[in-house]
Amino acid sequence: MVTETPSSLKAIRSALAQNNYTLKQLVAFYLGRIDKNAHLNAFLEVFADEALANAEAADSNLQAELQKPLTGLVLAIKDNLCFKGHKVSASSKILENFESLYTATAVQRLIDAGAIIIGRTSCDEFAMGSSNETSAFGNVLNPLDSARVPGGSSGGSAAAVAAGLCTAALGTDTGGSIRQPSSLCGVVGLKPTYGRVSRYGAIAYASSFDQIGPIALTVDDTALIYEVMGGKDDMDATTSTKPIVSYSTAETGKKYKIAYIKETVESEGLDPEIRERLYAIRDALVAQGHTVEAVDFPYLDYLIPTYYILTTAEASSNLARYDGIHYGYRSTKATDLESTYKLSRSEGFGKEVQRRIMLGTFVLSAGYYDAYYSKGQKVRRILRDKCNEILSSYDFMLTPTTPSTAFKIGENTSDPIKMYLEDIYTVLANLAGLPAISLPLGKHSNGLPFGMQLTARNFDEARLLQFSIELEQNFKG
Ligand code: GLN
């Protein structure tokens, strides 16, 4: 019998190996939790029968199944990841009832390694948002305080993990969508290096930023999932051929050089308790023999504008395919080709997605291209070079993940700029392509968790994860 939410995949695997419970009992347990927590609205759809049947099949040969690295993993997937024969909507009306024709490489690799997919989780529409409030299918509630948002865009995934509705979940991260909700829900979220995990089968938002990554209760679980789903894929030409290095081979107990960006910590918008926590962690790390130093990053004001110019440009082009003809929603009021395009897109896309398509087409339009898009590309290069320069002298960068703890539902919806500032600490890793993880290392006096973000050099996930485990052991909030 499973009586409480298992603490990690490792715990599940040892319980299964010792016959403490069956995989089917585990899946049934999570299904019960999903039912009890239906008010959170974390799942758009639960694949109950299928998950139970897959668990039963594995149970019939469980000891052999446990040879696979991820048997025991009951996984939720964000609703922008394709899973053949299942609906995928990117939480948008325009794709409502659309069914995947193939399975995302990352999802397939996890299934092949023994994972069971329990359902698809709500997100901001087309992954555009920081609060899950742009989903066409209702808000997701933060399991720690139901008046507050879970963060976004992978809000359903983070809420599901935090509420114990699954062992782990997949998210995607274009500018923070794995790390920010992980911070607000008190769980671990990893955005791998750009090109580390195949994007094949992930519904594109901004293709030069998007990465799939895991959200879980422990660093170890995120590492195990990441290592299985990463690596070269012929279906995504941006994936790297570099082999995945297991975090378990990275040296432990090493003394590192860590940079924290002075401007991010001193910035006015940062909750003082988060700042204090960062300083406390810094001091403790120094006491343990690490070097932790403030470095200058004079470009903080450029992060959000550059991110939103480039991602809206890419989004406007990626979302051109939703035209009322190829897939998904078609307006019933359309009378000819042009009104089919116009009405289907106006009725099918929500306001935030429309705003971004318009911004994106604007920054790409003749006459403005050089002033915005092309300038944005140049600034991106400067930002990337600056990060690489810092990381050539330091092993990691440490920052808060979010400027505050979870905010109230509706608090930021009328002010898009305020909402965009939620991404201030996270977009840099996507602009520069770097791997970054949010670790639940803080607890605010308001009772809510917050995360600290550790960023590493490109393809240095092994050390990033190994050191994250040390931080988790020493400083868990
Ligand atoms: N909040 C950011 C945005 O709205 C990040 C989203 C994401 O990473 N998908 O673009």
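Computed values, structure above
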| quantity | calculated |
| --- | --- |
| Test item: Cα-centred dipole of the chain, Lys/Arg +1 and Asp/Glu -1 on Cβ, debye | 340 debye |
| Volume in Å³ per residue [convex hull over Cα atoms, computed for region 225-381] | 211 Å³ |
| Theoretical ellipticity at 222 nm over the chain - DSSP helices of four or more residues, -39500 (n - 2.57) apiece, nearest 500 | -11500 deg cm²/dmol |
| Dipole axis of region 130-286 (+1 Lys, Arg; -1 Asp, Glu on Cβ), positive-most option in P143, S267, G231 | G231 |
| Distance histogram in 20 Å bins (all Cα pairs of the chain, percent per bin) | 26, 59, 15, 0 |
| Restraint check, K68/K93; K232/K408; K87/K443; K78/K232; K36/K93; K262/K443, Cα-Cα greater than 29 Å | K68/K93; K232/K408; K87/K443 |
| Accessible area of the chain belonging to carbon and sulfur atoms, whole % at 1.4 Å probe | 51 percent |
| Ranked packing of 6-13, 331-338, most packed first, by mean Cβ within 10 Å | 6-13, 331-338 |
| J(HN,Hα) series, region 420-427, from Karplus relation 6.51 cos²θ - 1.76 cosθ + 1.60, nearest Hz, glycine and proline x | 5, 5, 4, 8, 3, 8, 9, 5 |
| Mean Kyte hydropathy of -1.0 or more with a Cα span along the axis of at least 27 Å, helices from DSSP in the chain | 300-318, 375-393 |
| Heavy-atom accessible area per residue - the chain, 1.4 Å, Å² | 37 Å² |
| Listed peptides 220-226, 98-104 by packing density, highest first (mean Cβ within 10 Å) | 220-226, 98-104 |
| Overall Cα dimensions of region 1-133 - principal axes, largest extent first, Å | 46, 31, 24 |
| Candidate aspartates and glutamates - alpha carbon under 16 Å from K375, same-chain residues fewer than 8 apart omitted | D301, E314, D385 |
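The values are calculated or read from the model by the stated rules, or taken from the named source; none is laboratory data. Quick caveat, the model's predicted, so the values are computed rather than measured. Don't worry about glycine lacking a Cβ; one is built from the backbone with ideal geometry, like all the others, and counts go over all protein chains shown. For the accessible areas, the whole protein counts, side chains as well, though only heavy atoms, and no ligand, DNA or RNA atoms are used. Shrake-Rupley method; radii C 1.70, N 1.55, O 1.52, S 1.80 Å.
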